[in-house]
Amino acid sequence: MPELRRDPIIGQWVVVANDQESLTPMAYEKEGHERTHESVCQFCPGREGYTPPEVAAVRFNGSQPNTQGWSTRVVPNKFPALKIEGGLDKRGIGIYDLLNGIGAHEVVVETADHHRDMADLSPEEIVWILRMYLDRGLNLAKDRRFKYIMVFKNFGESAGASVEHAHSQIIALPMVPKLVDAELEGSSSYYKFRGRCLFCDILEQEYADEERIIAQNDQFISFCPFVPRFPFEQWIMPKNHQPDFFALSEEDIMPLALMIKEALARMKACLNASYNFYIHTAPIGYKDREVYHWHIEIMPQLVKTKGYEWGTGLYQVLTSPAVAAGYLRDVDLS
Amino acid sequence: MPQLRKDPVIRRWVIIATERARRPGNFVTSQNVDFGNKKDCPFCHNTDPEIFAIRPQGSGSGDWQVKVAPSGTPILSIDTKFKRHGFGLYDVIKNYGAHEVVIETPEHIANMADLSQEQIRRVMEAYVSRFKDLEKDTNLQYVFVYKNYGLASGSRPIGHARSQIIASPVNPLRVKEKLAGAKKYYDYHERCLYCDMYRQELESKERLIRETEHFVAFSPFAPRFPFETIILPKKHCCDFADGVAGMEGDLALILKDILLRFKIGLDDPAYNYVIHTAPLRQKRKGAKWQTIEEDYHWHIEIMPRLAKAAGFEKGSGFYICAIPPEDTAEFLRKVDVHA
């Protein structure tokens with residue numbers, strides 16, 4: 001029988017399969033990823049005029065903005081969930097609170113090549129993408145209306161991607177999102193009690209247990225968390241305590257690109273599934289630098305959320321993280 | 001201008017899209033589901049052990065009208081001894097609990113919306129009876145009833161109406177957040193948040209879908225998904241099994257009404273519902289539960305499965321709802337359930 005596990009960050013209980021009864025990668029149904037919309041793709045080179053004017057880009061040979069000759073390009077989302085112009089206008093209606101949907105919503109077109117996903121890019125190309133995240137994040141953080149910068153990626157239709165050309169998204173928000181807020185609360189109370197970073201302690205346990213580690217280099221580690229919410233969930237974390245992704249140092253960029261490349265390539269070879277990833281980082285101007293530890297969460301889309309998971313937040317995961325890490329580790333990348 | 005709205009209970013912000021909003025009719029998604037063959041249906045002539053059943057009056061052992069059986073694919077089971085242990089930083093409980101299936105009708109009918117009000121009332125009575133029985137186990141903390149209808153809801157392709165009951169030794173995360181949010185509101189206002197909510201919804205009427213003698217059904221102010229619906233009893237009670245006593249027929253009436261509005265208005269979509277109630281309170285009269293009778297209010301959440309949660313939502317707990325709840329409520333209000 002599976003067991004119940006509680007994660008120490010937000011206190012979520014998850015029903016996790018035991019190692020013997022865990023489902024293998026083959027047991028999950030996966031959708032195909034054929035790319036069929038190249039002829040009308042607005043993210044492809046030569047169609048720069050179809051997107052709103054770019055806000056940043058990695059360009060070659062002195063090419064002009066909004067023309068060809070780029071490798072990575074950041075444009076405002078054509079259908080933004082939030083608007084950049086205006087005041088917040090916080091107000092209440094009876095028991096309810098609301099404010100204007102102010103925010104920035106940008107798209108990072110990760111490559112000019114319509115047929116490659118982030119997992120297929122070279123570490124150098126991923127470095128360019130990371131530079132765009134940092135550049136845009138630092139820029140948006142200057143806007144005093146914003147409290148949080150969220151970087152995320154949807155790959156594949158069942159993960160919510162509406163465009164097949166490889167892209168990620170940056171959203172600047174006037175409040176801290178619920179899950180990150182819960183992580184901050186959990187790690188603060190842990191810090192108050194023990195005087196240590198909860199995430200650093202999680203890494204210590206990962207090193208000791210070993211079985212959930214997938215890969216590591218000098219600066220970064222990837223592992224399957226002991227209490228996942230989804231099967232084959234994978235986290236990338238800096239080994240040294242760092243609260244803020246947007247403060248990433250120059251010498252950490254390439255090691256991070258290598259770790260992301262490896263994580264996505266292993267996942268692709270093992271599952272070839274749709275996935276989401278997002279960067280969890282401290283809010284803008286967060287003062288308690290000892291408390292939080294930024295990380296990337298990668299979640300393959302292998303199962304439909306069931307009624308009780310949606311309704312109660314009690315999740316069931318049918319592959320244990322130790323078994324999942326084993327499959328991901330065993331992938332031959334050569 | 002899109003809006004950012006805060007859920008008053010668990011304090012989650014939701015983006016309500018307005019400018020890129022679609023019309024409610026755009027969300028209509030026929031399932032086109034092959035529900036499989038009736039003769040292979042494991043629920044039509046169910047031979048699983050009977051935990052509980054409702055039979056016509058007078059017939060002691062004959063054909064059942066509603067039957068509760070153990071789940072064939074349980075996520076929790078009572079077979080193991082209750083035991084907590086630590087694993088470094090983590091807390092672990094060996095599997096413990098119960099997982100049961102409520103077969104809602106002996107007939108091969110897929111959607112609860114197509115059962116009679118009388119039959120749905122029997123299903124509610126079966127829920128109550130199971131709650132009363134499961135709460136005797138003091139190792140359990142929470143019992144919830146849920147339903148998956150249609151493939152997109154996570155259900156298996158079997159066209160026979162059923163719901164499920166899980167009894168768990170822990171309080172699930174969203175339940176804890178709801179309890180904490182309701183308590184916080186009560187501590188400050190000395191009133192129940194949900195009582196204030198249904199009164200405001202009845203007064204504003206913008207999000208109201210249906211009102212009956214004992215219940216209101218409305219689209220929540222800050223929904224996570226389009227057409228999310230809440231059924232709230234007017235009478236304050238923290239506990240489903242106690243609170244619904246005497247109102248089972250009225251609950252069946254409003255539940256059938258809402259499910260029919262989904263079926264007719266949205267072309268038979270997949271959906272889920274969950275009954276939210278207070279945790280089991282035997283032997284747990286500590287400080288934590290001092291005001292629970294006053295501060296919590298049982299209710300039902302129903303969600304048609306029309307939109308996918310993408311990375312942004314899953315990873316941040318921050319949702320984008322593609323249409324304002326005022327529009328979906330109006331759409332559902334106008335559905336002719338007698339057609």
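Values in this text are rule-based calculations from the coordinates and carry no lab data. The shown structure was predicted, so the numbers you read here are calculated from the model rather than taken from an experiment. Every residue, glycine among them, receives a Cβ derived from its backbone with ideal geometry; neighbour counts consider all protein chains shown.
Taking each residue in B:163-170, count the Cβ atoms of any other chain within 10 Å of its Cβ, then average. What number comes out?
For peptide B:163-170, the averaged partner shielding equals 3.
Using a/c under 1.5 as the rounded threshold, could you call the stretch B:3-334 rounded, prolate or oblate? The axes a ≥ b ≥ c are square roots of the C-alpha gyration tensor eigenvalues, and prolate needs a/b larger than b/c, oblate otherwise. Kindly include the intermediate steps, with their values, before the conclusion.
Details: a/c = 1.42, a/b = 1.09, b/c = 1.30.
Taking the square roots of the gyration eigenvalues as a ≥ b ≥ c, the stretch B:3-334 is rounded.
What residue among B:Ala270, B:Ala53, B:Ala167 shows peak mean-square fluctuation when chain B is described by a Gaussian network model with Cα springs under 10 Å?
In this elastic network of chain B, the residue with the biggest mean-square fluctuation among B:Ala270, B:Ala53, B:Ala167 is B:Ala53.
Which of the three applies to the stretch A:163-207, rounded, prolate or oblate, going by the alpha-carbon gyration tensor with a ≥ b ≥ c and a/c under 1.5 meaning rounded?
Judged from the Cα gyration tensor, the stretch A:163-207 comes out oblate (a/c at least 1.5, b/c at or above a/b).
What ³J(HN,Hα) values, in whole Hz, does the Karplus curve 6.51 cos²θ - 1.76 cosθ + 1.60 give for the stretch B:253-266 when θ = phi - 60°, with x put for Gly and Pro?
4, 6, 5, 4, 4, 5, 5, 5, 4, 4, 4, 7, x, 10
Under 5 Å between amide H atoms, partner at least 5 residues away or on a different chain: which partners does B:Val216 have, H built in plane at 1.01 Å?
Distant-sequence amide H within range of B:Val216: B:Leu232, B:Lys234.
Classify the stretch A:1-140: rounded, prolate or oblate, from the alpha-carbon gyration tensor (a ≥ b ≥ c, eigenvalue square roots; a/c under 1.5 rounded; otherwise prolate if a/b is larger than b/c)? Numbers along the way, then the final one.
Values: a/c = 2.26, a/b = 1.23, b/c = 1.84.
Oblate.
In a shell of Cβ-Cβ distance under 13 Å around A:Arg116, excluding A:Arg116 itself, what net charge do Lys and Arg (+1) and Asp and Glu (-1) give?
Charge balance in the 13 Å sphere: -4.
Shielding by partners for A:201-214, please: the mean number of other protein chain Cβ atoms within 10 Å of each residue's Cβ.
For peptide A:201-214, the averaged partner shielding equals 1.
Between A:Asp143 and B:Ala180, what FRET efficiency follows from the Cβ-Cβ distance if R0 is 22 Å, with the result rounded to 0.05?
About 0.10, to the nearest 0.05.
Output wanted: per-residue J couplings in Hz (rounded whole) for the stretch B:150-165, from phi through Karplus 6.51 cos²θ - 1.76 cosθ + 1.60, θ = phi - 60°, x for Gly and Pro.
x, 4, 5, 8, x, 7, 6, x, 10, x, 9, 4, 7, 10, 9, 10
When the Karplus curve 6.51 cos²θ - 1.76 cosθ + 1.60 is applied with θ = phi - 60°, which whole-Hz ³J(HN,Hα) does each residue of the stretch A:232-242 get, with x for Gly and Pro?
6, 4, 9, 10, 10, 9, x, 6, 8, 5, 9
Would you mind ranking A:Arg144, A:Arg229 so that the residue whose beta carbon has the fewest other beta carbons within 10 Å leads the list?
Details: A:Arg144 9, A:Arg229 19.
Going from least to most buried by this count: A:Arg144, A:Arg229.
Could the peptides B:142-152, B:111-121, A:85-95 be put in order, highest first, of the mean number of other beta-carbon atoms found within 10 Å of their residues?
Taking the mean over residues of other Cβ atoms within 10 Å, the ranking is B:142-152, B:111-121, A:85-95.
If you count, for each residue, the other Cβ atoms within 10 Å and average over each peptide, how do B:222-230, A:286-294, A:302-310 line up from highest to lowest? Spell out each step's value before the answer.
Working: B:222-230: 23.9, A:286-294: 17.3, A:302-310: 22.0.
Answer by packing, highest mean first, reads B:222-230, A:302-310, A:286-294.
Ignore the peptide's own chain and count Cβ atoms of other chains within 10 Å of each Cβ in A:180-188; give me the average, rounded.
Numbers: counts 4, 6, 4, 1, 0, 0, 0, 0, 0.
If you average over the peptide's residues, the count of other-chain Cβ atoms is 2.
Which order do the peptides A:325-333, B:63-71 come out in when sorted by mean C-beta neighbours inside 10 angstrom, highest first?
On the way: A:325-333: 16.4, B:63-71: 19.3.
In descending order of packing, they fall as B:63-71, A:325-333.
Just add up the charged neighbours of A:Ile214: K/R +1, D/E -1, any other residue whose Cβ is under 15 Å from the Cβ of A:Ile214.
-3
Tell me which cysteines of chain B come out unpaired when the rule is another cysteine's Cβ under 4.7 Å.
Cys with no partner Cβ under 4.7 Å: B:Cys237, B:Cys238, B:Cys321.
Express in whole angstrom the spacing between the alpha-carbon centres of the stretch B:121-142 and the stretch B:62-96.
15 Å
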